[in-house]
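**Q** Sending over a structure as structure tokens; questions will come in a sec.
The values are calculated or read from the model by the stated rules, or taken from the named source; none is laboratory data. Because the structure is a prediction, the values reported are computed rather than measured. Positions of Cβ are generated from backbone atoms using ideal geometry, with glycine treated the same way; all protein chains shown enter the neighbour counts. All accessible areas refer to the heavy atoms of the entire protein, side chains included, with ligands and DNA or RNA removed. Shrake-Rupley method; radii C 1.70, N 1.55, O 1.52, S 1.80 Å.
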Amino acid sequence: MFKKDLILRNPLRSLGREGEEILEAGGFGAVLAPAGVGKTAFIVQLALNAMLREKNVLHISLDEPVTKVSLWYEKLFQDLAGRSRWSKLDGVLEDLLPHRFIMTFRVEGFTVPKLEERLTDLTAQNIFHPEMVLIDGFPFGEAARERLMALKLLAGRLGVCAWFTVHTHRHETPTPEGLPPALAEASDLFDVVLKLEPKGADIAIEPLRGVAVDEAAGRLRLDPATMLIRDEP
């Protein structure tokens, strides 16, 4: 009942995919923002939403250790649960954790063959079968397209969707669609693109591609104090 309540209260429903994942299997999504604006917090909430639906999430971090990534999940789950109407939460997060696997790489050591090798180790031993993949810290830029194309093929073979965080820089001139130069050369590989942008006291979540906000449900924002996604009229 508690899980169902959190799912129903999830502001991500306003992206127009209520009852479904935002991305289909094999699809790529990107979350754009400068450093410190909430990219990791946002994708962790995507993961928690999937885990509440009993989907398996592989979180790949290229710049944070496992312990720090785990803390993101614990903090955001507690904050999310804190705004619910339920008081007894013992064991709920623990029930979700079997649906998450954290994998870390050094940025310079991350390759698609190495990722596939580690994934094969997990699936062949029936340890973990991902349905959603998050890649936090992927180095967009020179030669990124070739690696992204290889990842796209891998996602298709595995039947998983993948979300990427994309670090943007304020001094860069975006494309007419609003994409940063680093993503522009591989933009055709991405089905959904969301931009996080500080506006006033909040951080606006602006869809650039692939989804439309349900205006009746309100605009999506990140609360800078908690980094929780919320909607408002």
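**Q** If you go through segment 130-150 one residue at a time, do you hit one that is more than 24 Å from Ala182 (Cα to Cα) and at pLDDT 95 or above?
**A** Yes, the conditions are met somewhere in segment 130-150.
**Q** Does segment 169-185 contain any residue that is open to solvent by 20 Å² or more (accessible area, probe 1.4 Å) and within 21 Å of Ala47 (Cβ to Cβ)?
**A** no
**Q** Could you tell me which of the residues Val37, Val57, Val66 is under 15 Å from Arg100 (Cβ atoms) and out of contact with any Ser or Thr (no Cβ under 8 Å at 6 or more places or on another chain)?
**A** On inspection, the qualifying residue turns out to be Val57.
**Q** Right, next: Which is at pLDDT 90 or above and open to solvent by less than 70 Å² (accessible area, probe 1.4 Å), of Leu228, Leu189?
**A** Leu189
**Q** Please enumerate the residues belonging to segment 37-76 that are at pLDDT below 90 and either surrounded by fewer than 17 Cβ atoms within 10 Å (Cβ to Cβ) or over 14 Å from the mean Cα position of the chain (by Cα) (or both).
**A** Leu52, Arg53, Asp63
**Q** May I pose another question? Looking only at segment 21-44, which residues are aliphatic (A, V, I, L, M) and out of contact with any Gly (no Cβ under 6 Å at 6 or more places or on another chain)?
**A** Ile22, Ala30, Val31, Leu32, Ala33, Ala35, Val37, Ala41, Ile43, Val44
**Q** Within the set of pairs 6+ apart or on separate chains, which have a first residue in segment 170-197 that is closer than 23 Å to Ile22 by Cα, a second that is among the polar types (S, T, N, Q), and C-beta atoms under 6 Å apart?
**A** These pairs meet every condition: Leu179/Ser187; Pro180/Thr168; Ala184/Thr175.
**Q** Given the conditions (1) open to solvent by less than 90 Å² (accessible area, probe 1.4 Å); (2) touching a residue at least 40 places away in the same chain (Cβ under 8 Å), which single one is not true for Glu116?
**A** Result: Glu116 fails condition (2) only.
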